[in-house]
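Working notes, beginning with the structure itself.
The numbers here are math on the coordinates, done by the rules we state, and not lab data. Given the structure is predicted, the values throughout are model-derived calculations rather than measurements. Glycine also receives a Cβ, built like all others from the backbone with ideal geometry; neighbour counts cover every protein chain displayed.
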Amino acid sequence: MGKISIKTDVCSGCLACELSCSMRHFGYFDPQKSRIRIHHDEEHSIIEIHQCVQCEERSCVHACPVDALSVDPVLGCIRFNADLCIGCKKCYQACKYHGVMWDDETNQPLICDLCDGDPECVKPCKLHGALTYSKKEDAV
């Protein structure tokens, strides 16, 4: 299973991760279409990175009344079936880590799928290292 590790203390707030994600999944740059969101609290000089953390609880999966969400048995990420989704937002509301984004245009969730094991958001972040990706075999 793969996992993206987050280090907010080294995040520059450049938003390249957001743009890379939206480009990968939608073919254009739009931070509102990203499965990762960078939040700036400029008054307190705080940056927060919100993204699915591949938690053990899987609250979003359990909250879905129509089984539109499942766990990928190989990668461990959440898989989304748009054909089953009814737009109830229960997955969005259930995530205590703020890892489920909501697309108002499609009325569906945006949840990290680890880009099938090659996360785009991590690539522009290699210099700073705020986001790193490790596979299960890397962590052993």
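Kindly evaluate S5 against the criterion of being in a strand (DSSP E or B) and either of a type outside the set (F, W, Y) or closer than 20 Å to P124 by Cβ (or both). Yes.
Does V66 qualify as being of a type in the set (A, V, I, L, M, F, W, C), closer than 24 Å to K135 by Cα, free of Cβ contacts under 8 Å to residues at least 60 places away in the same chain and assigned to a loop (DSSP other than H, G, I, E, B)? Full working, then the answer.
Details: of a type in the set (A, V, I, L, M, F, W, C): yes; closer than 24 Å to K135 by Cα: no; free of Cβ contacts under 8 Å to residues at least 60 places away in the same chain: yes; assigned to a loop (DSSP other than H, G, I, E, B): yes.
For V66, the condition - of a type in the set (A, V, I, L, M, F, W, C), closer than 24 Å to K135 by Cα, free of Cβ contacts under 8 Å to residues at least 60 places away in the same chain and assigned to a loop (DSSP other than H, G, I, E, B) - is not met.
If only residues of region 18-63 that are assigned to a helix (DSSP H, G or I) and under 14 Å from A94 (Cα atoms) are counted, the one that is nearest to the chain's Cα centre (by Cα) is C60.
The residue that is surrounded by the fewest Cβ atoms within 10 Å (Cβ to Cβ), counting only those in region 90-105 that are within 17 Å of the chain's Cα centre (by Cα) and part of a loop (DSSP other than H, G, I, E, B), is D104. Residues in region 22-62 that are in contact (Cβ under 8 Å) with a residue 40 or more places away in the chain and hydrophobic (A, V, I, L, M, F, W, C) were compared, and the one that is farthest from T106 (Cα to Cα) is C55.
Taking region 62-89 as the search range and keeping residues that are aliphatic (A, V, I, L, M) and farther than 13 Å from C112 by Cβ, which one is surrounded by the fewest Cβ atoms within 10 Å (Cβ to Cβ)?
Of region 62-89, the ones aliphatic (A, V, I, L, M) are 63, 66, 68-69, 71, 74-75, 78, 82, 84, 86.
With the extra rule that they be farther than 13 Å from C112 by Cβ, the set shrinks to 63, 66, 68, 74, 82, 84, 86.
Working: A63: 17, V66: 12, A68: 22, V74: 11, A82: 9, L84: 12, I86: 12.
Selected residue: A82.
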